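The values are calculated or read from the model by the stated rules, or taken from the named source; none is laboratory data. In this text, all values refer to a predicted model and were calculated from it rather than measured experimentally. Neighbour counts are summed over all protein chains in view; Cβ atoms, including those assigned to glycine, are modelled from backbone coordinates with ideal geometry.
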Amino acid sequence: MFFDRLLDLIFPPRCLSCQKNLGCGVICDDCLSKIKINQTLFCGKCGARLPQPKKICHKNFPYLLGAATNYENEIAKNLIHSLKFQYIKAAAQPLGNLLIQYTEALSLPLKNFIVIPIPLSKKRLRGRGFNQAELIAKIFAEHFELPPETNLLVRTKNAKPQSEIKNLKERLLNVKDCFAVINQESVASKNILLIDDVITSGATLLEATAALKNAGARKIIALAVAKA
């Protein structure tokens, strides 16, 4: 703790976006204000905006999609990259706050939901040292006083990172049968908020929700900080 404070005095924290000196944190208020927050949920299949938290198209698709912002926003993208690839764990707090701000704006009824982050493989978890989706999920769950369940959903194989695969068909094959539910009784008949940092093709969420649905989950809302 003392060493961290000493480092802050010698090397004051700077905004990850504009490099402005900060008293604390990783991003300044001016940069945060430039991240546009979405105002609706989306169809997980076609991306259509949903004026209410219910399916109006592709009704058999296994989840509703929520995304706080769009990945094309450079400030949001930089925050996600800082957490995910530069291992700046403090970036999880503003990302979690974006997801909280978005969810509060939608007035979603969350009382009967449990929070589950998309898990990493054991190999990638060892390499990174933390699961970025889990950090965001814990911030989110604590704010809404929801139970975070970080050990119910696991990865059963070490797939290639989805960010390295551009073809949708290859992405789907890469994560096929990649997830399993450890305790099905803890998932059966539950409403679930499935948390991730970013969604691109949706292949990862599709496999994760398939595992949860097979375990008896009821309603699933997949929440990401950003969508591509």
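Go through the residues of the stretch 145-165 one by one and say whether even a single one is of a type in the set (Asp, Glu), more than 16 Å from the chain's Cα centre (by Cα) and closer than 26 Å to Gln86 by Cβ.
Yes - at least one qualifying residue is present in the stretch 145-165.
Within the stretch 45-74, residues that are at positive phi have Cβ atoms under 6 Å from residues that are part of a strand (DSSP E or B) in these pairs: His58/Cys43, counting only partners at least 6 apart in sequence or on another chain.
Suppose we filter Ile80, Ile35, Ile27 for residues that are closer than 21 Å to Ala133 by Cβ, in a loop (DSSP other than H, G, I, E, B) and touching a strand residue (DSSP E or B) at 6+ places or on another chain (Cβ under 6 Å); which single one remains? Quick ask: steps written out before the conclusion?
Numbers: Ile80 fails: in a loop (DSSP other than H, G, I, E, B); Ile27 fails: touching a strand residue (DSSP E or B) at 6+ places or on another chain (Cβ under 6 Å).
Among Ile80, Ile35, Ile27, only Ile35 is closer than 21 Å to Ala133 by Cβ, in a loop (DSSP other than H, G, I, E, B) and touching a strand residue (DSSP E or B) at 6+ places or on another chain (Cβ under 6 Å).
If you go through the stretch 208-221 and pick out every residue that is buried (at least 16 other Cβ atoms within 10 Å of the Cβ), more than 14 Å from Ile114 (Cβ to Cβ) and without any contact (Cβ under 8 Å) to a residue 40 or more places away in the chain, you end up with 0.
Quick check: anything in the stretch 54-70 farther than 28 Å from Ser186 by Cα and either crowded, with 18+ Cβ neighbours inside 10 Å or touching a Gly at 6+ places or on another chain (Cβ under 6 Å) (or both)? Can you show your working first?
To start, the set of residues in the stretch 54-70 that are farther than 28 Å from Ser186 by Cα comprises 56-57, 69-70.
Then drop every residue that is not either crowded, with 18+ Cβ neighbours inside 10 Å or touching a Gly at 6+ places or on another chain (Cβ under 6 Å) (or both), which leaves 69.
Yes.
Within the stretch 145-164, if we keep just the residues that are modelled with pLDDT of 70 or more and aliphatic (A, V, I, L, M), the residue that is surrounded by the most Cβ atoms within 10 Å (Cβ to Cβ) turns out to be Leu153. Evaluation of Gly23 against the conditions (1) surrounded by 10 or more Cβ atoms within 10 Å (Cβ to Cβ); (2) without any contact (Cβ under 8 Å) to a residue 40 or more places away in the chain; (3) under 24 Å from Asn78 (Cα atoms) shows that the sole unmet condition is (1).
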